[in-house]
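Colleague: Right, I'll just put the structure down here and ask away after.
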Amino acid sequence: MRLRVVIWATAAVAATHLLAVQLCEAAVLCQHTKSGKVAVREAECKRKEVPLDLTPFVGERPTAAPKVVDSQGQEVGLVVGPASQWDERYTGVFVMRDQGGTRVGFNVFRSEISPAENGDFVYFYHETPDCSSTRYVPADKVIQEAQRAFSGGVGTWYYASSPLETRTILAHERLFHDGQDPNSCANLGGTVVANGRCCQTFAADQTLVGPAAIIDLPVFTPPFRVE
């Protein structure tokens, strides 16, 4: 999943940066003014040595994590990395937002907020083949990807809430986007259930999931910016 690649790549860069910063705090890197030789000193540089500036290699030490805000200065979330977007025509950032103690993530572009995966429809996972059991959504050990479905022109966001558990999934229930023909469910090998939703069965699969919960997002006003 692209999200995990972004998260772990970002974490690796952060860890490298932290290591360099800790090295600088624990000792002093010194460079000889004539030979250019670099040495580690416990307290201060010796005569004919100057402190080595690591900024060109690791960048400035960050004072705060970058965040996305809307046009009113309202915080949307902390920047994790580039947007993991299914449509490569757009560029944006992937942000993390606390939702009742759970880290929830989604894409933010200049003019809109959008799901990280799938587009505007939601898959609810079920432990029964007729999609009548508890609704679950796929989970991640780090950040829960938000999913969005529209009904009557209004978007509702869902995420995997606690507890996160590996369960035997037998079917998923798909919430169609407004205007999408539910009859296409048959073409997908599924059955239309209540409210025009499509239930598709498949071979038993062990999947990390969490109970589907709705994200209570504030009303944000674009354009969005990083600061």
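Read-outs: derived from the displayed coordinates by stated rules, not from any lab. Nothing here was measured: the structure is a model prediction, and the numbers come from that model. For neighbour counting, all protein chains shown are included, and Cβ atoms are generated from backbone atoms with ideal geometry for every residue, glycine included.
Colleague: Determine the gain in length on full extension of the stretch V193-Q74; use 0.36 nm per residue of separation and subtract their C-alpha separation, reporting nm with one decimal. Can you show the working numbers first?
Modeller: Values: separation 119, 0.36 × 119 = 42.84 nm, distance 3.99 nm.
Extra length from V193 to Q74 when fully extended: 38.9 nm.
Colleague: Here is a further query. With each pseudo-label sitting 7 Å past Cα toward Cβ, what's the R47-D98 distance in nm, one decimal?
Modeller: Going by the 7 Å Cα→Cβ label model, 5.5 nm.
Colleague: For a quick check: with amide H placed at 1.01 Å from N, whose amide H comes under 5 Å from E127's, ignoring anything fewer than 5 positions away on the same chain?
Modeller: Counting only residues 5 or more places away or on other chains, the set is S133, T134, L170.
Colleague: Using the Karplus equation 6.51 cos²θ - 1.76 cosθ + 1.60 (θ = phi - 60°), what ³J(HN,Hα) coupling, rounded to whole Hz, does each residue of segment 132-141 give in order, writing x for Gly and Pro?
Modeller: Taking θ as phi minus 60°, the curve returns 9, 8, 4, 7, 10, 10, x, 10, 10, 6 Hz for segment 132-141.
Colleague: Can you list the residues, at least 5 places off or on another chain, whose amide H is less than 5 Å from the amide H of Q144, using H built in the peptide plane?
Modeller: Hits under the 5 Å cutoff: R103, V104, G105.
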